[in-house]
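Engineer: Pasting a structure below so you can have a look.
The values are calculated or read from the model by the stated rules, or taken from the named source; none is laboratory data. Given the structure is predicted, the values throughout are model-derived calculations rather than measurements. Backbone-built Cβ (ideal geometry, glycine too); neighbour counts: all protein chains shown.
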Amino acid sequence: MSDNGMLYFQPWLCGPSSAASTRPADQSDEVKMLGAVLISHTSTALQRRRERCVKMADYSVATRISLEELILRLYDIDAVKFGEFTLKSGTESPIYIDLRVIVSYPEILVRVAEYLWDAAKQGGGKFMSVCGVPYTALPLATCISTSQNLPMLVRRKEAKDYGTKKMVEGHYKAGDICLVVEDVVTSGSSVLETVESLKQEGIVVRDCVVLLDREQGGRSKLEMQGIKLHSVLTVNQILDVLETAGKVDSETVAKVKKFVADNRFDIMAMSHAAAAAAAAAAAAANTASAANGNKRKMEELAIANGSPIEKQAKLNKAEVMKYRDRAQLCSHPMSKALFQLMDEKKSNLAFSVDVTECAKALELIDKVGPHICLVKTHVDILSDYTPDFTKELQKLAEKHRFLVFEDRKFADIGNTVKHQFSGGLYKISSWADLVNAHSVSGDGIIKGLKEACNESNKGCILIAEMSSSGNLAKGEYTEATVRMAEENDDFVVGFICQRRLTDNPEFIHMTPGIQLKTGSGDGLGQQYLTPEQVIKENQSDVIIVGRGILQAEDPVAAAQQYQEAGYKAYKSLFT
């Protein structure tokens, strides 16, 4: 020890070593005792450190706490409070859930993340990334990301005005499937805002996992948008556990349960009611301009009725909905009629009657009419065409209840297609319910076709993708076509495509090139898909079948097979 009380390091103090032989012979008893104490303290400290490490290792693999214990811990740290609280909406609530505090309790944070991941896995989804709803769910998403080695994405609340100006940070590519993580779901609006930002980047979102579902309608709203909600806890679970543990009395529990019941909304019912009212008004007005006005009325009516819908655009978003529900949302008479037919006839089959004789075409249509929702014609390949053909076709459409789609594929400037649609030999606008067009010449083609309709209830299908190999309808072309449709949704009702291109439930997705067996082609570039691939995997709406029926030994039996296969694939989306 030095004169100033500082202890100099002596190698021999650390125990037996080669340095011990260098120990000074004149060391005092005081120094000897100090050395012994240091050795003892060092040994004890090392032992305690080892014990802590063992405990930490055991903790990491130990059986997790039960849900009941998790609820009690959340209560103890004031993540669940009872009293009188003013919510963001202005509503007075007897319960307040504040999960922001769990960031100060790492043990609870980790356990919550474990339960969230288990709930997501039980849903059967395969995820390529995880994204937390800003900002409370970010720590939870981070825990899941690090524990599962799953890439994480960060969604900003607002874009930067410098740098990349991106709303979504991280590495991803279009088509990646992302799991959205949230702490609490009430209406689901915050989740949908994050989902929308991700989808704008081409990221697919089908699942959201949440610690607490307040059971006030958020689940229904998310399901309407095609998002499956997986929750770890519900408000009623929390109440039951806390009441059993004596943390809250029965009066408080009853008060909270009544509040939840009184403030629950059924987004499906309200949305459908609002949509149905607007669609009925549109049908009565029977004009495209009235349809536009009634879309605004639909929004106003929803808000007036107390619906939590902020914008009609949010109402018109869904990945998977039943045909009858989509029919109620549609403002255009043609898309509404088609979805109704598909639901009532249990058919998503369109028959492409690609024959060159009028009598043969009408005979086939009459036979397969009961099994189809739509007939697709190529009137310009009929070698013996007369106006009588379209008159008879309309009679069959009324008899068997299907729509008529002339596959004209307009591709010229607006003024030219206006005359092609309404005039010439075929006068298509006088008898076809639907017609299609390429978008290559710009939206002038849509304006020209719409003018030719004289404001009658006709619809346009834009060709966004094609089934032939080597085609150029892909990438930026497809994206531009979708934008064009969205900007002209008073006339454009859907797409020819290979897969679902937008989540707006009013747009119809029709896919050609269908066979019951996959892996085949026609030698001229046509590539075939099965009904299950098109409807279930690619989430299109209508299968278009031509040669699969025309070349069958029994066309009626073949049509029935395609009808059953297509509708079975559709039903599988909801099982």
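Engineer: If you go through segment 401-418 one residue at a time, how many are assigned to a helix (DSSP H, G or I) and within 35 Å of the chain's Cα centre (by Cα)?
Structural biologist: 0
Engineer: Considering only segment 342-378, state which residues are part of a helix (DSSP H, G or I) and either hydrophobic (A, V, I, L, M, F, W, C) or outside the structural domain of residue 461 (by TED's automatic domain parsing) (or both).
Structural biologist: 342, 358, 359, 361, 362, 364, 365, 368
Engineer: Across segment 378-391, which residue is surrounded by the fewest Cβ atoms within 10 Å (Cβ to Cβ) among those that are within 16 Å of residue 429 (Cα to Cα) and acidic (Asp, Glu)?
Structural biologist: In this case the residue turns out to be 388.
Engineer: Which residue pairs have Cβ atoms closer than 6 Å, lie 6 or more positions apart in sequence or on different chains, and pair a first residue in segment 331-347 that is farther than 14 Å from residue 492 by Cβ with a second residue that is of a type in the set (S, T, N, Q)?
Structural biologist: If the second residue must be of a type in the set (S, T, N, Q), the pairs left are 342/348; 347/563.
Engineer: Ok, one more. Checking residue 395 against (1) surrounded by fewer than 16 Cβ atoms within 10 Å (Cβ to Cβ); (2) in contact (Cβ under 8 Å) with a residue 12 or more places away in the chain, which test does it fail?
Structural biologist: The single condition residue 395 does not satisfy is (2).
Engineer: Ok, one more. Looking only at segment 65-104, filter to residues that are touching a helix residue (DSSP H, G or I) at 6+ places or on another chain (Cβ under 8 Å) and hydroxyl-bearing (Ser, Thr, Tyr); which one of those is farthest from residue 190 (Cα to Cα)?
Structural biologist: Checking each candidate, the answer is 75.
Engineer: Something else about it: Return a yes/no flag: does segment 235-249 have any residue that is crowded, with 17+ Cβ neighbours inside 10 Å, in contact with a helix residue (DSSP H, G or I) (Cβ under 6 Å, 6 or more places away or on another chain) and assigned to a strand (DSSP E or B).
Structural biologist: No, segment 235-249 has no match at all.
Engineer: Taking the residues in segment 95-150 that are more than 30 Å from residue 262 (Cβ to Cβ) and basic (Lys, Arg) as candidates, determine which candidate is nearest to the chain's Cα centre (by Cα).
Structural biologist: Among those residues, the one meeting the criterion is 126.
Engineer: Okay, moving on. Cβ contacts < 7 Å: first residue over 24 Å from residue 364 (Cβ atoms), restricted to segment 550-575; second residue among the aliphatic types (A, V, I, L, M) and assigned to a loop (DSSP other than H, G, I, E, B), any location; separation 6+ or different chain. Result?
Structural biologist: Listed pairs, sorted by first residue: 573/320.
Engineer: Counting just the residues of segment 183-217 that are small (Gly, Ala, Ser) and part of a helix (DSSP H, G or I), which one comes out surrounded by the fewest Cβ atoms within 10 Å (Cβ to Cβ)?
Structural biologist: 189
Engineer: Please enumerate the residues belonging to segment 538-575 that are β-branched (Val, Ile, Thr) and either out of contact with any Cys (no Cβ under 9 Å at 6 or more places or on another chain) or surrounded by fewer than 24 Cβ atoms within 10 Å (Cβ to Cβ) (or both).
Structural biologist: Once the filter is applied, which keeps residues that are β-branched (Val, Ile, Thr) and either out of contact with any Cys (no Cβ under 9 Å at 6 or more places or on another chain) or surrounded by fewer than 24 Cβ atoms within 10 Å (Cβ to Cβ) (or both), segment 538-575 yields 543, 544, 545, 549, 556, 575.
Engineer: Related question: Please state which one of 116, 179 is at pLDDT 95 or above and closer than 21 Å to residue 80 by Cα.
Structural biologist: Sole residue among the options that is at pLDDT 95 or above and closer than 21 Å to residue 80 by Cα: 116.
Engineer: Tally time: how many residues in segment 88-114 are over 14 Å from residue 141 (Cβ atoms) and either of a type in the set (S, T, N, Q) or touching a residue at least 12 places away in the same chain (Cβ under 8 Å) (or both)?
Structural biologist: Residues in segment 88-114 being over 14 Å from residue 141 (Cβ atoms) and either of a type in the set (S, T, N, Q) or touching a residue at least 12 places away in the same chain (Cβ under 8 Å) (or both): 14 in total.
Engineer: Mind telling me which of the residues 386, 377 ends up being of a type in the set (Ser, Thr, Tyr) and more than 39 Å from the chain's Cα centre (by Cα)?
Structural biologist: Criteria check complete, one pass: 386.
Engineer: Further question: Please pick out the residue among 493, 482 that is within 29 Å of residue 563 (Cα to Cα) and at pLDDT 95 or above.
Structural biologist: Residue meeting the stated conditions: 493.
Engineer: Just need a number here: residues in segment 468-487 that are crowded, with 21+ Cβ neighbours inside 10 Å and touching a residue at least 24 places away in the same chain (Cβ under 8 Å).
Structural biologist: Selection size over segment 468-487: 1.
Engineer: What number of residues within segment 346-369 satisfy the criterion of being closer than 20 Å to residue 327 by Cβ and surrounded by fewer than 19 Cβ atoms within 10 Å (Cβ to Cβ)?
Structural biologist: Number satisfying all stated conditions: 1.
Engineer: Have a look at 157, 258, 173 and point out the one that is without any contact (Cβ under 8 Å) to a residue 24 or more places away in the chain, among the basic types (Lys, Arg), in the same structural domain as residue 132 (by TED's automatic domain parsing) and part of a loop (DSSP other than H, G, I, E, B).
Structural biologist: On inspection, the qualifying residue turns out to be 157.
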